[in-house]
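Comments concern the structure below.
The values are calculated or read from the model by the stated rules, or taken from the named source; none is laboratory data. As the structure is a computational prediction, the values presented were derived from the model and not from experiment. FYI the Cβ positions are ideal-geometry reconstructions off the backbone, even for glycines, and counts take in every protein chain you see.
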Amino acid sequence: MPNLSQAKWWQDAVIYQVYPRSFRDSNGDGIGDIQGVIQSLPYLASLGVDAVWLSPFYKTPNKDGGYDVEDPRDVDPMFGTLGDAERLISAAHGLDLKVVFDVVPNHFSSEHKWFKEALRSAPGSKERSRFHFYDGKGVDGNVPPNNWNSLFNGPAWTRVIEQNGELGQWYLHLFDSSQPDLNWENPEVLEDFKTTLRFWLDRGVDGFRIDVAHGLAKEDIHIDHRNPDALIRALRVESSDLTKEERISLLTDIPFFDRDGVHEIYSEWRKVIDEYSGDRMFVAEAYIYPTSRLARYVRPGELHQVFNFDFLLIEWSASAIQEAITRVLSELEEAGAPPTWALDNHDSPRVVSRLKSEKKARALAMVAHALPGSLYIYQGEELGLPDGEIAPEFRQDPAFIRSAGKDLGRDGARVPLPWEADEKNFGFSTGTSWLPQDPSYKNYSIDLEEADHASFLNLYKTSLALRKKHLGLGGDSVLEWPDSPEGVVYFKRSGGFILLANTTAESLEVNIRFAATIILQSAEGASITGSIVRIPADTTLWLQQ
Ligand code: NOJ
């Protein structure tokens, strides 16, 4: 990592992700909103985070939680007004918090004016060329142009009715049919996104999280994929029927992801953001294989950060953790980009549910918080919130709907936050919450956790404060890995910081060969006698030499 004099705020920032509709509702309609975020900024500041990233709040028919954007330069009334978004930026800045917004360039909503114009226009028109419209195959054109599948189940193509009332062309949608993919070979698309970036940069945002950043360039649309069903299973990590080699070969060559063309687009975006002062940044959401290819997104002249998703999937195993950390650091080193770490987001099972253990989740979090680079925390993660149990009639995820319930989708991680144990909807809303909260959520309420010194929340507050003090900006990214017993993660960072994590079910002793003090433990029960450190089962310790 660069030295202090060159350091940028995002290089080691802790960035808190707000999923607006589930964060806090200020007007009693049961849906979280921007005012709710503004009112809760002091809470975020008290956590010790550096920035807040908001998932989309733009004008949307809300078929995919706002990732179906009808107008990227306006705010949906469900979330508030443009004025609210502007007030949010200035209120956050007033508390010394940076602000990151989402940008969704792979697709628009089918309610976007461009798509409506495309539907009204003829095949081959300039209006259609902003999306991927093609004639179907077969005698009547009733076979989609290729056999690609949507990531949300079913075909990636939908056929339209033309102005004459007859079945006509097909359009591509890698996600829901309400999310037509944009054609980035059309220069108008790039120009429109430059306008959107400038629109928010002019209003003071400090950065953008780029949705499906690896998806904008498509290749070989006329060629069928050799195994489209297996490809979707491989992408969803549900590929137990595939051999490792087959899975790798499917993921390494996806005709709609990680094509070289995406990099030209980001060089253009970089020029736009560089017009602005104040260290503005881009972070790319790119699920790609092999992860070494992520470094291409953060080469000089492209993006600033890319998500490393290893910790969203990792087992609680010392060897897996050490492998992921050393790989990520070495892969990004050449590009000179800091890594990013995340345990949770709005698309994945929450870490407590995934590991089926609060204790392990606390311990894994304390590993992530001690790493170089920047850390993303998803709302509720700091409370140790598990996924919500949701009855089918309440589920809204298009992945659930398009699979007729076979795929439960992501709503479990999107259940609204509990703020106050004794209030209606645990303080989230005075109305009817858009997704029901589990009764158990009461125990995770922010007010209760604030009052309990052993809570998940207070562990996060302590670790974030210590992270700033011991591992702050300007710290280098060198990790030393002394020998350690099996099942123990053991690394040192400069300044005498030591991490020990016992991933086994038994307590263990490690001789670190010098004296040190415990500055943080993810669970009670650790001790040091001379240079012997006793670590309880499933526990992470931070030590200072
Ligand atoms: C990734 C987003 O995080 C997810 O929520 C969304 O459904 C897809 N991209 C499509 O925009």
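The figures follow:
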{"quantity": "Residue match in region 409-428 (condition: of a type in the set (D, E, K, R) and either under 20 Å from THR326 (Cβ atoms) or touching a residue at least 40 places away in the same chain (Cβ under 8 Å) (or both))", "calculated": "yes"}
{"quantity": "Inter-residue pairs, beta-carbon under 7 Å, first over 20 Å from LYS492 (Cβ atoms) and modelled with pLDDT of 95 or more and in region 346-369, second aromatic (Phe, Trp, Tyr) and within 16 Å of the ligand (Cβ to nearest atom), 6+ apart", "calculated": "HIS346/TYR19; HIS346/TYR378"}
{"quantity": "Positions within region 50-67 being within 13 Å of the ligand (Cβ to nearest atom) and basic (Lys, Arg), in sequence order", "calculated": "LYS63"}
{"quantity": "Scope region 181-220; condition away from the ligand (no atom under 16 Å from the Cβ) and of a type in the set (S, T, N, Q); matching residues", "calculated": "ASN183, ASN186, THR195"}
{"quantity": "Matching entry among SER277, SER178 (being within 16 Å of the ligand (Cβ to nearest atom) and small (Gly, Ala, Ser))", "calculated": "SER178"}
{"quantity": "Tabulated pairs, region 298-323, first touching a residue at least 60 places away in the same chain (Cβ under 8 Å) and assigned to a strand (DSSP E or B), second crowded, with 19+ Cβ neighbours inside 10 Å and polar (S, T, N, Q), C-beta under 9 angstrom, 6+ apart or interchain", "calculated": "GLN305/GLN11; GLN305/THR340; GLN305/SER374; VAL306/THR340"}
{"quantity": "Filter result for SER440 (at pLDDT 95 or above and either within 30 Å of PRO372 (Cα to Cα) or not basic (Lys, Arg) (or both))", "calculated": "yes"}
{"quantity": "Unmet requirement for PHE101, which otherwise passes all of (1) within 16 Å of the ligand (Cβ to nearest atom); (2) part of a loop (DSSP other than H, G, I, E, B)", "calculated": "(2)"}
{"quantity": "Every residue from region 398-419 that is crowded, with 22+ Cβ neighbours inside 10 Å, within 12 Å of the ligand (Cβ to nearest atom) and not small (Gly, Ala, Ser)", "calculated": "PRO398, ARG414"}
{"quantity": "Helices (runs of 4 or more DSSP H) (entirely within region 173-287) containing at least 1 residues that are touching a Gly at 6+ places or on another chain (Cβ under 8 Å)", "calculated": "261-273"}
{"quantity": "Identity of the residue in region 203-239, touching a Lys or Arg at 6+ places or on another chain (Cβ under 6 Å) and in contact (Cβ under 8 Å) with a residue 40 or more places away in the chain, that ends up nearest to TYR134 (Cα to Cα)", "calculated": "GLU219"}
{"quantity": "Region 132-172, subset out of contact with any strand residue (DSSP E or B) (no Cβ under 8 Å at 6 or more places or on another chain) and of a type in the set (Gly, Ala, Ser), residue farthest from PRO255 (Cα to Cα)", "calculated": "GLY165"}
{"quantity": "Residues of region 420-429 satisfying the condition of being surrounded by fewer than 17 Cβ atoms within 10 Å (Cβ to Cβ) and either assigned to a helix (DSSP H, G or I) or on the phi > 0 side of the Ramachandran plot (or both)", "calculated": "LYS424"}
{"quantity": "Pairs where the first residue, in region 65-86, is under 11 Å from PHE199 (Cβ atoms) and the second is of a type in the set (D, E, K, R) and within 16 Å of the ligand (Cβ to nearest atom), C-beta under 6 Å, 6+ apart", "calculated": "ASP71/LYS59; ASP74/LYS59"}
{"quantity": "Boolean, PHE491 is touching a strand residue (DSSP E or B) at 6+ places or on another chain (Cβ under 9 Å), at pLDDT 95 or above and not in a loop (DSSP other than H, G, I, E, B)", "calculated": "yes"}
{"quantity": "Test: residue in region 326-339 that is surrounded by 20 or more Cβ atoms within 10 Å (Cβ to Cβ), within 16 Å of the ligand (Cβ to nearest atom), of a type in the set (A, V, I, L, M, F, W, C) and farther than 16 Å from ALA501 by Cα", "calculated": "no"}
{"quantity": "Test: residue in region 74-97 that is within 16 Å of the ligand (Cβ to nearest atom) and either among the hydroxyl-bearing types (Ser, Thr, Tyr) or not in a loop (DSSP other than H, G, I, E, B) (or both)", "calculated": "no"}
{"quantity": "Count of residues meeting criterion [under 14 Å from ALA465 (Cβ atoms) and either polar (S, T, N, Q) or modelled with pLDDT under 95 (or both)] in region 35-59", "calculated": "1"}
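Here is a yes/no grid of residues against (1) within 22 Å of GLN17 (Cα to Cα); (2) modelled with pLDDT under 95; (3) surrounded by 19 or more Cβ atoms within 10 Å (Cβ to Cβ):
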position	(1), (2), (3)
LEU172	no, no, yes
GLU185	no, no, no
GLY207	yes, no, yes
HIS214	yes, no, yes
HIS222	no, yes, no
ALA230	no, yes, no
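For (1) closer than 28 Å to GLN379 by Cα; (2) surrounded by fewer than 20 Cβ atoms within 10 Å (Cβ to Cβ); (3) of a type in the set (A, V, I, L, M), each residue gets a yes or a no:
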residue	(1), (2), (3)
HIS453	yes, yes, no
PRO485	no, yes, no
SER494	no, yes, no
ILE512	no, yes, yes
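Every residue, every condition in (1) of a type in the set (A, V, I, L, M, F, W, C); (2) without any contact (Cβ under 8 Å) to a residue 24 or more places away in the chain, yes or no:
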{"site": "ARG402", "(1), (2)": "no, no"}
{"site": "LEU435", "(1), (2)": "yes, no"}
{"site": "ASP452", "(1), (2)": "no, yes"}
{"site": "ILE498", "(1), (2)": "yes, no"}
